[in-house]
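Everything below concerns the one structure shown next.
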Amino acid sequence: MQLKAETMIAMTGTPLMNSPLDLYMPIRWLGFEKHNFYSFKNHYCIMGGYGNYQIMGYKHLDQLKEQFEKIVLRRLKKDVLDLPEKIYIDDYVEMEAKQNKIYKEVKAEIKENIDKVISSPNPLAEMIRLRQATDYTGILSSTIQESAKFERLEELLEEITANNKKAIIFSNWTSVINPLYERLQKYNPAIITGEIKNRVEQENKFKNNDTCKIILRYNTEL
């Protein structure tokens with residue numbers, strides 16, 4: 001926020017990652033937002049919960065959208081890059097017995113506390129452990145660490161690297177990325193999460209090092 005220049009341009013691929021509050025820093029830095037963060041949050045957020053500190057929802061988003069659209073210059077990749085069409089393939093995998101057992105235990109616990117889930121401000125967040133169980137049981141268990149997805153991923157990587165290609169692997173949990181990073185060392189992986197400080201170095205490693213076959217990336221938009 002201390003950086004000042006005669007011409008200031010904020011560049012980003014994703015200005016809004018998690019919530020409308022993400023827009024505060026760029027528009028404040030550019031000088032289009034004059035209020036402090038506390039005022040900004042109280043104008044656009046519906047507060048509640050214990051001590052009235054929890055964000056329960058959002059308001060006046062039409063105002064924020066109008067303000068942002070006045071200052072943003074948006075360019076889509078399809079308009080500026082000559083890229084091939086994406087091909088989406090749904091690849092279903094079957095959980096092994098131990099992983100399926102943990103999934104069923106989580107499901108039973110959610111059913112037992114269904115009233116709490118329904119009354120929650122964000123019911124889907126209460127059910128996130130079901131998704132975690134299908135990704136990697138190590139998120140939920142210190143003794144059972146299995147993942148049918150990991151197994152299938154390794155099969156795909158063998159095929160991809162055999163064809164002299166590289167792969168980008170996304171997950172919205174660092175607790176999935178970190179064990180994968182350790183597991184896939186034979187591919188000399190690069191990694192980008194919120195814990196990694198030298199992101200440019202990791203990107204360059206993936207782009208320019210022929211022995212680096214994969215990069216693991218944290219993505220909150222998944």
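Key figures for this structure:
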| item | result |
| --- | --- |
| Expected 222 nm ellipticity per residue - DSSP helices of 4 or more, -39500 (n - 2.57), all of the chain, to 500 | -12500 deg cm²/dmol |
| Solution diffusion estimate, µm²/s, Stokes-Einstein, region 89-146, Kirkwood Rh from C-alpha pairs, 37 °C, viscosity 0.692 mPa s | 268 µm²/s |
| Whole-Hz ³J(HN,Hα) from phi, Karplus 6.51 cos²θ - 1.76 cosθ + 1.60, for region 54-69, glycine and proline x | 8, 7, 9, x, 9, 9, 6, 5, 5, 5, 5, 4, 4, 5, 5, 5 |
| Euclidean distance of C-alpha centroids, region 32-63 and region 155-197, integer Å | 37 Å |
| Sequence-distant lysines (8 or more away, or on other chains) whose Cα lies within less than 19 Å of Lys86 | Lys77, Lys78, Lys165, Lys166 |
| Label zone at Ile128 (point 7 Å along Cα-to-Cβ), backbone N below 17 Å, region 35-67 | 54-57 |
| Option label - Rg and Dmax of the Cα atoms in Å computed here, alternatives [x] 16.1, 46; [y] 21.4, 67; [z] 21.6, 62 | [z] |
| Derived scalar couplings ³J(HN,Hα) [region 25-32; Karplus, 6.51 cos²θ - 1.76 cosθ + 1.60; whole Hz; x for Gly, Pro] | 4, x, 6, 6, 5, 7, x, 8 |
| Efficiency of FRET between Lys41 and Thr7 - r from beta-carbon atoms, R0 25 angstrom, step 0.05 | 0.30 |
| Proximal aspartates and glutamates relative to Lys101, as straight alpha-carbon distance under 15 Å, when same-chain residues fewer than 8 apart are discounted | Glu109, Asp135, Glu146 |
| Linear extension gain, Phe32 paired with Lys78, 0.36 nm per residue minus alpha-carbon span | 13.7 nm |
| Sorted peptide list for 20-30, 205-215, 115-125, criterion being average Cβ within 10 angstrom, highest first | 20-30, 205-215, 115-125 |
| Order of Val106, Val72 - criterion: other Cβ atoms within 10 Å of each residue's Cβ, fewest first | Val72, Val106 |
| Net charge over other residues, Cβ less than 13 angstrom from the Cβ of Ile55 (K, R count +1; D, E count -1) | +1 |
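Readers should treat all values here as calculations from the given coordinates under stated rules, not as data from a laboratory. The model shown is predicted, which means the values in this text are computed figures rather than measured ones. In this analysis, Cβ positions are derived from the backbone assuming ideal geometry, glycine residues included, and neighbour counts consider all displayed protein chains.
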